[in-house]
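As structure tokens, the structure follows; a few thoughts come after it.
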Amino acid sequence: MNDDININIYPRLERSIAKIKEIFGESADVNVVKVYVSGVRCAVVTLEAMVSSADLSKMLFAPLMDFNMKNALPEDVFEFISSQGIFSVEQKQIKTFDDISQKLCSGFAVVLVNGIDKGMAYSAQGFSIKSIEESSTEANVKGTKEALSDNLRTSMSLIRRRVKNPLLRFEFVKAGKLSNTELCLVYIEGKTPEKLKKLIRARLKRIKLDLILTTGSVLPFVSENRGAFFSAVSTTERPDVLAAKINEGRIAVLIDGVPYAAVCPTLFIENFQTVDDYEEKPYLAFYQRLIRYAAFFIASFLPGFYVAAAMHHPEVLSRALLLNLIASEESTPFPLVAEMFIVIVMFEILREAGLRLPKAVGGAVSIVGGLVIGDAAVTSGLISAPLLIIIGITATSSFALPSLNAQTTVLRLVGVAAGGMWGFFGMGILITVFLINAAATDCFAVPYTSPIAPFTLKAMRDVLVRVGFKKMQQQEVIIEDLNGAKGDK
Amino acid sequence: MEEKNIKISSGQMYVLLILARIMHTMIFHAKEFKIGTPVMLALVFTTIIESVMSIPLILLLKDGGCDPVSIIAGNGRLAVFVRFLYSAYFLFISAGTLMYFAQFMKAEFNKTATPMAVIIVLTLAAAYCAYLGIEGTARAGTIVLWAFMVLFVVMAAVSEGEFERLNLLPVTLKDTDKILDYAVRDLSSSWWLPMLASMGAYLKNGVGKTVGGYLISKFLILETLMLLVTLVLWNFVGVLGYPMLALGAYAKTVFIQRFDAINMFVWCLNCVIVNGTYLFISAQSFGEGRRKIGVAASSAVAAIGAVVIFLMSLGLNDGVAFVIKLSGIVLLGVIVPLAAVIVKKKRANQE
Amino acid sequence: MLKSGVKLVSIICVLAVLLSGCSRLADVRLRLVVHAIGVDIDEEGVYSVSYQVFSSNPPEGGGPVDANKGNVMTYMTYGRTLYEAQKSLELQTGKEVFTGDVELIVLGLGMVGRDVSQVLSYFWSDTDIYMGVNAVFSSGLASDIIGVQLEQGTATTELLNQMIISSVANGTTIPARLIEISNCFEEPGASIVMPVLTAKEADNSKGKEDSDVYDMATGVFENMLIVNKIPTVYVTRDETKGISILTGGKKKYSLTFVADGQRISAGADLSRVSRRIRIDDSGNPVLSVDIRGELTVLDNPTLVDNDIINEAAREDIIRLCREAYDKTVSSYGADVLEIGKLLRKHCNKYYETVKDDISQAIRKTSCEVSVSLKIYENE
């Protein structure tokens, strides 16, 4: 709250309007419409393109013009607009200029009456918002295709449609000194531990950034692990996933203007769960999860192990593979480690290019770039074919786990360095260090590596194998069950 | 990083203890020592002896969360001295483990990394474990234990050797020396007792299951290993020197032609976890000092201490090392907990 | 300032230590992959070591090297020790010798009469070599086997190993792997049979009477008996078969014998071979071998009666066992039948009295063989 503007509205209308213009620095998008209502001077203040003109006409101007009272006093007019004549889904009496500025920025129309030191704010949002679209980062085959919206209230409605219960709670918190971005805590009363709610609220209130424009701005404040390689707070674009997670006692944070929600606490195993697992039969879900776990290890460690085996421990490789490797490396000018780094960097560049270019072109560039460059590199003898195959498999595996993309990228690079320097010893050290880092990560007393370590049998029902829904309904598992989450720490 | 209220379960404690024992078996060099039925019999006796030695700890920690040093000596000078002994003992054990691992790397993978590089990298990784705390180490240890069991089973399953029952020779009176020799060696590796005593304060629940589980699984794992080595490898284990490595040397699959490097990889995982535990125990034994200098600094000091002791003990006689280990086990793993039990009982009677 | 300085120096020292091993790294293309090693020795004790290595030279006309086409080359080096010879190879080729892919070790005929453990110990202590590698003898020079030329080119190690495997399947040889040889040599008085690879032109395409009728070119046609680590005498394929039967090494054998004047081929599945040892009244060990199994008649052109076939098969097996026993135990006191181990396990007291001169005790061991077969006609 800005102390300069946290002053009461002036009874004199002209003075109030001048103050509003001063607060907004004579900004061109401030609209002031002066009207006479039964002889009393009033003003309707809005921000350009934030309100719907049609709504305002019907909801505000028409009733104002229809109000006809003989010898009306300002108090009568204010009485009319506050409780008798004008009704909106959301309306609030405001007393300070700070309230006026916040409401105007949120798409409200503010009505001031000459002689009254209060005003009324009416919800009339008419700014353009994106329609509900398909999720771009969490694609699925079956199930809903809706994704959260940039607009906070639209997102809230998507969640409410899935949890039609009064126990679903939304709590607003504002953050961002300049942006005053609305954040919304979402949880199910009775499932989320009280301590978790209090902690998250307190942490969000401690955010001192000027602007909150992304989920990434909020995550570091919500998470409590400095130096953690894996994040114990995840994001999701899907309202169904969010609903499922809060049903397990987690808490989500929606951010106005961002179609992603931050969810905490998160477990490592959740990166391997998708919506399709719950659409298909358990045996298929089991198979698909195995593939994803394998994909993680391939994406993170295959290049490192390959380099380690080729350079330090060739006796591990089968003869055919070893001889192919030697034969193909014979003509390449670079050492194996350098080749691997070159190819990894090439792949990352192609991936970035594919992401940043327009969709129509980006995909083609990635494919053409990969095929042409890769093929040319092998034909010219710059890199060897087995290495390109390894990177191809690695890259494809990394696409299977978009939520772990950052981690697999870093692990891949560090793995190649460690494997190239010290072989399997280097890989062993690397894996242990990251394993311990992950194991030591926790979010509000819930260990990140649960329910594998510490082992919780009943929570293993959805790790590798997904038990059937009939069995799931027999016993509930919430986040508090996972070692120490009962708020006693 | 702030020191949190750390608690580990009996299962996690078991994982740390069994990993420490397995680590010792992995890097135990059997060159002059023949594995066979006398050694298998010796293990039965040592298991019984260890069970008896663990009684004071079971009585003391039956509900967990108990520090024997505080019970005996509070926070006075005696407590500081005893904690210093624990700290120094585990630095010594850590230094020994590092040395054996470095020797193994030098003997089997001398082109991969120099011994000094191995020591330093391992110590840095272990210090990082100690810094992150025992909870994370224990959780990571669970996964490493699984990795070890999978490796062991896979190697045994794909071993190209055949069981030669003639290798199972009867035990005679002439083998008494051998049985005694192995029994004493095995008992001198029982530093799980001081480990349990020093980590008593971190336990969430009682140690009965931990001790029982540890003794049974240690017995089963070692007996199985020795049986496999005796039946399949026989004298050949003396050529390579490392029983587990020898088991892997005669195992082959379509994808993995040799298991040496795979063994080294799993041992490396284990070594970091185990040394991390030792450094943690050593660092937390600094007591008040740890709170003053902080978790990171105390872990670093413990790591440096382990390297210094390693360098100092390079020329150390095997017999002296053996005496130090055994004395530590008896004093810190049996006598201190026993004293704590007696003091605790006396206080309870007085109340 | 001081703190930063200390930090910087520490980092430099640590890096120096950590990176100090990197210079010994061998890039994969600088490794010379050895498939097989042949060791010959002359009278002066100079080793001639032949190496069959993977040739990564691209073919004439350019193009990639096809690792699947058996591109191999043979190198020969000399040295007073095997290590010296290996070093010489490294100097010759400029590459680091990689023995992790070795699949065959061939000892030349020059080893006969010498202690082979002195040669094989070099391979045992090589941590790269797989301990299940076959070790064989050569009927001539080891280099003849390593570089033997067949119609498709140099015989690759896979092919040579395949020959050994085929002979093992036929029961005419017993594989000798490094680990088994090592274990054998640790046992006092123990002996072992090693295959002998022969590479020669076929000079008798029609075959002689009573010999197997197929061309002799490259393969395992006989074996070498190693007694107390010294290669002593050749052992025929039949004698080797007998040793294999007596030790219960294999389960299935192919037999060709004469029954009622007719040559019969049969397959014997000797599923149960139980061995017992006892000390007889004269204080000498007696090895009793009870062999039970099933006989499947594969080729009975004149339809000889099953009982006659069964009896003939029994006698053939007994004959093989007797020949094996006479050649090894009786003639040379060679403990290929694990008599020493059996004595140590079952007659420990007796073993303790004779262990210092176990060969003598083995020579005095007699052998009783009983064979019982069930016959099945192959329809």
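The values are calculated or read from the model by the stated rules, or taken from the named source; none is laboratory data. What you are looking at is a predicted structure, and each value in this text was computed from that prediction instead of being measured. Don't worry about glycine lacking a Cβ; one is built from the backbone with ideal geometry, like all the others, and counts go over all protein chains shown. What goes into the accessible areas is simple: the full protein's heavy atoms, side chains included, and nothing from ligands, DNA or RNA. Shrake-Rupley method; radii C 1.70, N 1.55, O 1.52, S 1.80 Å.
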Quick check on the range B:140-173: of everything there that is free of Cβ contacts under 8 Å to residues at least 12 places away in the same chain and more than 29 Å from C:Gly248 (Cα to Cα), which residue is nearest to the other protein chains (Cβ to nearest Cβ)? B:Ile143
Unmet requirement for A:Phe61, which otherwise passes all of (1) open to solvent by 40 Å² or more (accessible area, probe 1.4 Å); (2) among the aromatic types (Phe, Trp, Tyr); (3) within 26 Å of A:Ser179 (Cα to Cα): (3)
Could you list, in sequence order, the residues of the range C:168-177 that are closer than 13 Å to C:Leu120 by Cα and buried (at least 21 other Cβ atoms within 10 Å of the Cβ)? C:Ala176
Members of the range B:271-312 found to be more than 16 Å from B:Ile120 (Cα to Cα), surrounded by 24 or more Cβ atoms within 10 Å (Cβ to Cβ) and not aromatic (Phe, Trp, Tyr), listed by number: B:Thr277, B:Ile281, B:Ser282, B:Ala283, B:Gln284, B:Ser285, B:Ser298
Looking at the range C:178-188 only, could you name the residues that are more than 9 Å from chain B (Cβ to nearest Cβ) and open to solvent by less than 10 Å² (accessible area, probe 1.4 Å)? C:Ile181
Residue in the range B:102-137 that is surrounded by the fewest Cβ atoms within 10 Å (Cβ to Cβ), counting only those that are more than 8 Å from chain A (Cβ to nearest Cβ) and small (Gly, Ala, Ser): B:Ala107
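Of C:Ser282, C:Ser274, C:Ser331, which residue is within 14 Å of chain B (Cβ to nearest Cβ) and either polar (S, T, N, Q) or more than 24 Å from the chain's Cα centre (by Cα) (or both)? Steps first, please.
Working: C:Ser282 fails: within 14 Å of chain B (Cβ to nearest Cβ); C:Ser331 fails: within 14 Å of chain B (Cβ to nearest Cβ).
It is C:Ser274.
How many residues are modelled with pLDDT of 85 or more and touching a helix residue (DSSP H, G or I) at 6+ places or on another chain (Cβ under 6 Å) if we restrict to the range B:1-17? Lay out the reasoning, then the answer.
Taking the range B:1-17 and keeping what is modelled with pLDDT of 85 or more, we get B:8-17.
Filter once more, so that each one left must be touching a helix residue (DSSP H, G or I) at 6+ places or on another chain (Cβ under 6 Å): B:8, B:10, B:12-17.
Within the range B:1-17, residues that are modelled with pLDDT of 85 or more and touching a helix residue (DSSP H, G or I) at 6+ places or on another chain (Cβ under 6 Å) number 8.
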Residue within the range B:8-23 that is closer than 20 Å to B:Leu316 by Cβ and under 20 Å from the mean Cα position of the chain (by Cα) present: yes
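When you look at A:Pro265, is it on the phi < 0 side of the Ramachandran plot, open to solvent by 10 Å² or more (accessible area, probe 1.4 Å) and either in contact with a Lys or Arg (Cβ under 8 Å, 6 or more places away or on another chain) or away from chain C (no Cβ under 12 Å) (or both), yes or no? Quick ask: steps written out before the conclusion?
Working: on the phi < 0 side of the Ramachandran plot: yes; open to solvent by 10 Å² or more (accessible area, probe 1.4 Å): no; either in contact with a Lys or Arg (Cβ under 8 Å, 6 or more places away or on another chain) or away from chain C (no Cβ under 12 Å) (or both): yes.
No: the conditions fail for A:Pro265.
Every residue in the range B:249-259 that is more than 7 Å from every other protein chain (Cβ to nearest Cβ) and open to solvent by 10 Å² or more (accessible area, probe 1.4 Å), please. Show your work before the answer.
The initial filter retains those residues of the range B:249-259 that are more than 7 Å from every other protein chain (Cβ to nearest Cβ), namely B:251, B:253, B:259.
Passing the criteria: only B:Thr253.
State all residues of the range B:314-338 that are open to solvent by 70 Å² or more (accessible area, probe 1.4 Å) and in a helix (DSSP H, G or I); if no residue qualifies, say none. Lay out the reasoning, then the answer.
Keep residues of the range B:314-338 that are open to solvent by 70 Å² or more (accessible area, probe 1.4 Å), which gives B:314-315, B:317-318, B:323, B:331, B:335, B:338.
Listed by number, the residues that qualify are B:Asp318, B:Val323, B:Leu331, B:Ile335, B:Leu338.
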Restricting the search to the range A:36-58, which residues are open to solvent by 60 Å² or more (accessible area, probe 1.4 Å), in contact (Cβ under 8 Å) with a residue 24 or more places away in the chain and closer than 21 Å to A:Tyr10 by Cα? A:Gly39, A:Arg41
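One line per residue, one yes/no per condition, for (1) more than 30 Å from A:Glu14 (Cβ to Cβ); (2) assigned to a helix (DSSP H, G or I):
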site	(1), (2)
A:Val89	yes, no
A:Ile100	no, yes
A:Leu104	no, yes
A:Gly115	no, no
A:Ala121	no, no
A:Ser136	yes, no
A:Asn140	yes, no
A:Met156	yes, yes
A:Ile159	yes, yes
Yes or no: B:Ala88 part of a helix (DSSP H, G or I), open to solvent by less than 10 Å² (accessible area, probe 1.4 Å) and either out of contact with any Pro (no Cβ under 9 Å at 6 or more places or on another chain) or over 26 Å from B:Ser190 (Cβ atoms) (or both)? no
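Being within 23 Å of C:Val233 (Cβ to Cβ) and of a type in the set (Val, Ile, Thr) is the requirement here; does C:Val336 meet it?
Values: within 23 Å of C:Val233 (Cβ to Cβ): yes; of a type in the set (Val, Ile, Thr): yes.
Yes, satisfied.
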What residue, of C:Asp335, C:Asp356, is open to solvent by less than 40 Å² (accessible area, probe 1.4 Å) and of a type in the set (D, E, K, R)? C:Asp335
For the range C:114-129, which positions are over 19 Å from B:Asn110 (Cβ atoms) and not polar (S, T, N, Q)? C:Arg114, C:Asp115, C:Val116, C:Val119, C:Leu120
So which residues in the range C:98-125 are surrounded by fewer than 20 Cβ atoms within 10 Å (Cβ to Cβ) and either assigned to a loop (DSSP other than H, G, I, E, B) or within 14 Å of chain A (Cβ to nearest Cβ) (or both)? C:Val112, C:Gly113, C:Arg114, C:Asp115, C:Ser125
With the structure loaded, tell me whether C:Ile192 is over 24 Å from C:Met73 (Cα atoms) and either without any contact (Cβ under 8 Å) to a residue 40 or more places away in the chain or not in a loop (DSSP other than H, G, I, E, B) (or both) or whether it fails that test. yes
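If you go through the range B:239-248 one residue at a time, do you hit one that is open to solvent by 20 Å² or more (accessible area, probe 1.4 Å) and either under 24 Å from A:Trp422 (Cβ atoms) or away from every other protein chain (no Cβ under 13 Å) (or both)? Can you show your working first?
Our first condition is that a residue be open to solvent by 20 Å² or more (accessible area, probe 1.4 Å); within the range B:239-248, this holds for B:239.
From the residues that got through so far, the ones that are either under 24 Å from A:Trp422 (Cβ atoms) or away from every other protein chain (no Cβ under 13 Å) (or both) too are none.
Among the residues of the range B:239-248, not one is open to solvent by 20 Å² or more (accessible area, probe 1.4 Å) and either under 24 Å from A:Trp422 (Cβ atoms) or away from every other protein chain (no Cβ under 13 Å) (or both), which makes the answer no.
Among the residues of the range A:319-337, is there at least one that is among the small types (Gly, Ala, Ser), out of contact with any Lys or Arg (no Cβ under 7 Å at 6 or more places or on another chain), more than 14 Å from chain C (Cβ to nearest Cβ) and free of Cβ contacts under 8 Å to residues at least 24 places away in the same chain? First the steps, then the outcome.
At the first step, the residues of the range A:319-337 found to be among the small types (Gly, Ala, Ser) are A:320, A:327-328, A:331.
Restricting the remaining residues to those that are out of contact with any Lys or Arg (no Cβ under 7 Å at 6 or more places or on another chain) gives A:320, A:327-328, A:331.
Next, only the ones that are more than 14 Å from chain C (Cβ to nearest Cβ) stay: none.
Checked against the condition, which is being among the small types (Gly, Ala, Ser), out of contact with any Lys or Arg (no Cβ under 7 Å at 6 or more places or on another chain), more than 14 Å from chain C (Cβ to nearest Cβ) and free of Cβ contacts under 8 Å to residues at least 24 places away in the same chain, the range A:319-337 yields no hits at all.
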Just a yes or no: is a residue in the range A:135-155 open to solvent by 30 Å² or more (accessible area, probe 1.4 Å), hydrophobic (A, V, I, L, M, F, W, C) and closer than 19 Å to A:Phe24 by Cβ? no
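Taking C:Leu320 as the residue in question, decide whether it is outside any strand (DSSP E or B), in contact with a helix residue (DSSP H, G or I) (Cβ under 6 Å, 6 or more places away or on another chain) and away from chain B (no Cβ under 14 Å). Quick ask: steps written out before the conclusion?
Details: outside any strand (DSSP E or B): yes; in contact with a helix residue (DSSP H, G or I) (Cβ under 6 Å, 6 or more places away or on another chain): yes; away from chain B (no Cβ under 14 Å): yes.
So C:Leu320 fits the description; yes.
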Among the residues in the range B:273-283, are any within 14 Å of chain A (Cβ to nearest Cβ), out of contact with any Lys or Arg (no Cβ under 9 Å at 6 or more places or on another chain) and under 20 Å from A:Ala309 (Cα atoms)? no
What tally of residues in the range B:174-192 results from selecting those that are more than 9 Å from chain C (Cβ to nearest Cβ) and either farther than 19 Å from B:Thr46 by Cβ or in contact with a Pro (Cβ under 8 Å, 6 or more places away or on another chain) (or both)? 4
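Look at B:Glu164 and say whether it is among the charged types (D, E, K, R), in contact with a Gly (Cβ under 9 Å, 6 or more places away or on another chain) and surrounded by fewer than 23 Cβ atoms within 10 Å (Cβ to Cβ).
no
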